[in-house]
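Q: For reference, the structure I am asking about is given below.
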Amino acid sequence: MSAVAVPTSAKEARKKRILFKCALTNTISDVLANREGWAPTLNDDWNFFGNDFELTRKDFLIKNYKKARKAKEKSGVDVTNEFSFIPSSYVLPTEYHLFVEEFRKYPAETIWIMKPVAGAQGKGIFLFRKLKHVQDWKKKDASGSEALPYVVQSYIANPYLVGGKKFDVRLYVLVTSFRPLNAWVHREGFARFSHSRYSTDSVDDAFVHLTNVAVAKTAADYDPERGLKWSLPKLFRFFRSMHGHSKVSKMMEDLAKVIIESLRSVHHIIIQDSHCFELYGYDILFDENLKPWLLEVNASPSLTASSQEDFELKYRVLNHMLDVLDIEKKLLGNETEIGGFDILIRNNKPVEKNRMPNHNNSNFIPTLNLRLGDYVEQTPMP
Ligand code: ADP
């Protein structure tokens, strides 16, 4: 995303042609080239999409989460129930001793996961039960160079399974401003399944425990047509058929809170200028009780499409993102739904779903404006 440019002023935006500069050829360059009134340029008087680290580096996300959790606890919130969406985590080697203290409090069969702080696509990840494995990892880097920073995290060993397989969910969250905080969530997204059926017998098999497509692709019997991805509408249809509407609504409410609280934990520290916005890819894992856990927040979520379906989804997300950003100045500013995006936070305040007209008011319980999987309209492809 950092390679795409937008105009710096409304005046420019009102000019007939909006010029964009795109260093990469991927889905975003196709989206921009197909928007009416937009044209490519090689000039430099543009503002680039900013990238931040506060949410998107694993160690920063944890640091900010812990800080926010502590502040909540101080203000009297029962954080175990009300603010608990990242598994217990420590940054190594800095917090090694704190981790060892924590490790000793857990039963011996507890599984932990080690992830390089700046890693992606499952690279460098391993699972372990015995402290010896971390000590070995530390030693491996004793070649003179310092051990690379890792995050050690308690492993969600009871993931929600579909057809015996574990999956995680990718959501698209668009922050159009950090101060005040304004954020939108797209109704589409997808679930990524692991290559092999889940079991905790072996902790060494990445095809069982990791849901990254990059990992599954390396399996000898990987079949790209076999569909290790489900769309969100499909996943939510499945959840509703298995658990009913009210359980799924409760889960959606929990998920909305995860997004809100994660953004709130950083919005005051992210350096922003007036045109700064960010499209985040949120990676969520559900446990068997449908509790959502935040695994990671990606900036510049992969926009290189892996299939036609994937391209169409990403095309819609990006096209709708440009609609929300309203560089062409077409909107009134009070919209709550634009394309597949619904507003979740406006001017720092969580947004609730509207009451239906004629709805019996006494029974109405307000819920947050998150509508994952509800997307129906199809943006015509060029
Ligand atoms: P990367 O940036 O390398 O993709 P992630 O944090 O997204 O790293 O982890 C990769 C995969 O490992 C996830 O998609 C998920 O399947 C699994 N995973 C990561 N952390 C946990 C955890 N705490 N519990 C269970 N599974 C996890």
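Q: Would you kindly identify the strands (runs of 3 or more DSSP E) lying entirely within segment 278-382 that contain at least 1 residues that are modelled with pLDDT under 90?
A: 278-286, 292-299
Q: Another one. When only residues in segment 78-92 that are hydroxyl-bearing (S, T, Y) and within 20 Å of N289 (Cα to Cα) count, which is farthest from the ligand (Cβ to nearest atom)?
A: My answer is T80.
Q: Sticking with this one: What are the residues in segment 96-107 that are within 16 Å of the ligand (Cβ to nearest atom) and assigned to a loop (DSSP other than H, G, I, E, B), if any?
A: The one that is within 16 Å of the ligand (Cβ to nearest atom) and assigned to a loop (DSSP other than H, G, I, E, B): Y106.
Q: Here's something else I'd like to know. Looking only at segment 118-140, count how many residues are within 10 Å of the ligand (Cβ to nearest atom) and either at pLDDT 90 or above or closer than 15 Å to Y155 by Cβ (or both).
A: Residues in segment 118-140 being within 10 Å of the ligand (Cβ to nearest atom) and either at pLDDT 90 or above or closer than 15 Å to Y155 by Cβ (or both): 3 in total.
Each row is one residue, and each column tells you yes or no for (1) more than 12 Å from the ligand (Cβ to nearest atom); (2) buried (at least 21 other Cβ atoms within 10 Å of the Cβ); (3) not acidic (D, E).
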position	(1), (2), (3)
Y150	no, yes, yes
I156	no, no, yes
Y172	yes, yes, yes
R179	yes, no, yes
R187	yes, yes, yes
A220	yes, no, yes
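The values are calculated or read from the model by the stated rules, or taken from the named source; none is laboratory data. Because the structure is a prediction, the values reported are computed rather than measured. Every residue, glycine as well, gets a Cβ built from its backbone with ideal geometry; the counts of neighbours run over all protein chains shown.
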